[in-house]
1. If the chain between E35 and H63 were fully stretched, how many nm would it gain, using 0.36 nm times the residue separation less the Cα-Cα distance?
2. Which trypsin sites (Lys or Arg not before Pro) does the stretch 1-79 hold that lie in a coil by DSSP with at most 12 other beta carbons within 10 Å?
3. May I ask you to list the GluC sites (Glu not before Pro) in the stretch 1-44 that are in a DSSP loop and have at most 16 other Cβ atoms within 10 Å of their Cβ?
4. Quick one: putting +1 on the C-beta of Lys and Arg, -1 on the C-beta of Asp and Glu, what dipole do you get for the stretch 7-64 around its Cα centre, in Debye to the nearest 20?
5. Could you give the alpha-carbon Rg of the chain over 2.2 N^0.38 Å, rounded to two decimals?
Amino acid sequence: MALRITRIDLLELDIDLRLTDLWREAGEITEWNLEVVAAFMRAAYGKGYCDALTEDAPGSLCHDHGYRIPGRRETPVRER
């Protein structure tokens, strides 16, 4: 039976490749606890945020994998 690779599988692989350094560091952790997990979650979120800000073409990760590019949220108008 042939293995069917889905677009979700490809998206996961693309994200894993972007997180290579974190995956390597995670492999060196011998004692996991909530504090360590939280630190890795924050690091992964921050990495994704920075990647999104520095993409040559904003939204390319979504576009390349066949997902809708989310619209930007409206910025609330501040009164002076």
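All of the numbers you see were taken from the coordinates with simple rules; none came from a lab. Note that the structure is predicted; figures quoted are calculated from it, not measured. Here the Cβ positions follow ideal geometry from the backbone for every residue, glycine too, while neighbour counts run over all protein chains shown.
1. The E35-H63 span can extend by a further 6.7 nm.
2. Those satisfying the criteria are R4, R68, R72, R73, R78.
3. E28, E31
4. 140 debye
5. This ratio for the chain stands at 1.46.
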